[in-house]
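Okay, structure first, notes after.
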Amino acid sequence: EAQVTQNPRYLITVTGKKLTVTCSQNMNHEYMSWYRQDPGLGLRQIYYSMNVEVTDKGDVPEGYKVSRKEKRNFPLILESPSPNQTSLYFCASSSYQAQNTGELFFGEGSRLTVL
Amino acid sequence: AQKVTQAQTEISVVEKEDVTLDCVYETRDTTYYLFWYKQPPSGELVFLIRRNSFDEQNEISGRYSWNFQKSTSSFNFTITASQVVDSAVYFCSLSGNFGNEKLTFGTGTRLTIIP
């Protein structure tokens, strides 16, 4: 089954404790991205990756790191989480194949609370 | 910079009524793509449609239809004969040349269908 898998789905942590949210896709997609969803703000792009070893900042990259060492994985790293990073996080992937509609495939979301 | 405005924060209609969700965008790109996504109460994000800037033809898919007008920078979404299952948050989004690079979302419209 084609899917984007995020882990953990729910996490409560404390300020300053490093954490990683993993994202893996099984569709051989070139493009992967991270978004955060906050009430009244919609979804905002954190980082995206056009392919292996190619990453770039989205609109709200501060406080986050990413890496793309393998095509299927795109982890989101919070080196020193702060309460303002409490949010719902979505990972997404897509293909650039010509026949593709440009549809983004989203993971189920990871709800992170930083105390 | 890209911007997507969904001025309607919340809409409630009685079942079987028609409803239109507005989306206005800003971009300096001559080639761009517009999307609509649905987020039902379960939280996942579901792709509905993609439209490129060169194709202003309106599209209909069952009870859903989309009206793209470059002259007014709008990409509105109409649900005909609404059903309770249409209750969700709907996001309009905009991207540049590659279709997903630097994807910008609107803040969403929460649609409630009253039985």
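Since every read-out is calculated from the coordinates, none of them should be taken as a lab result. Everything numeric here is computed off the predicted structure, so don't read it as measured data. Neighbour counts run over all protein chains shown; Cβ positions are idealised from the backbone, glycine included.
What to note about this one:
- Summing Cβ point charges (Lys, Arg +1; Asp, Glu -1) relative to the Cα centre of chain A gives a dipole of roughly 340 debye.
- Only alpha carbons enter this Debye calculation for the range A:45-99, each as an equal point scatterer, and the log10 of I(q)/I(0) it gives at q = 0.14, 0.19, 0.28 Å⁻¹ is -0.41, -0.71, -1.30.
- Three semi-axes of the equivalent ellipsoid, the range B:63-115, Cα gyration tensor, whole Å, largest first: 25, 14, 9
- Fewest-first ranking of A:67, B:12, using other Cβ atoms within 10 Å as the exposure measure: B:12, A:67
- For the range B:80-86, 3J(HN,Hα) computed residue by residue from phi via the Karplus equation (6.51, -1.76, 1.60; θ = phi - 60°) reads 9, 6, 4, 10, 4, 5, 7 Hz, glycine and proline entered as x.
- The alpha-carbon atoms of chain B define a convex hull whose volume equals 94 cubic angstrom per residue.
- Net length available on complete extension from residue B:48 to residue B:60 is 3.2 nm, with 0.36 nm assigned per residue and the Cα-Cα distance removed.
- A simple rule links phi to the HN-Hα coupling: the Karplus curve 6.51 cos²θ - 1.76 cosθ + 1.60 with θ = phi - 60°, which for the range B:62-74 gives x, 8, 9, 9, 10, 10, 9, 10, 5, 4, 10, 6, 10 Hz, with x for Gly and Pro.
- Note on the protein assembly as shown: along the principal axes its Cα atoms extend 49, 39, 36 Å, ordered by decreasing extent.
- Long-range Cα-Cα pairs in chain A (distance over 17 Å), rounded percent: 51 percent
- Hydrodynamic radius of the range B:25-76 per Kirkwood, over alpha carbon pairs, in Å: 12.2 Å
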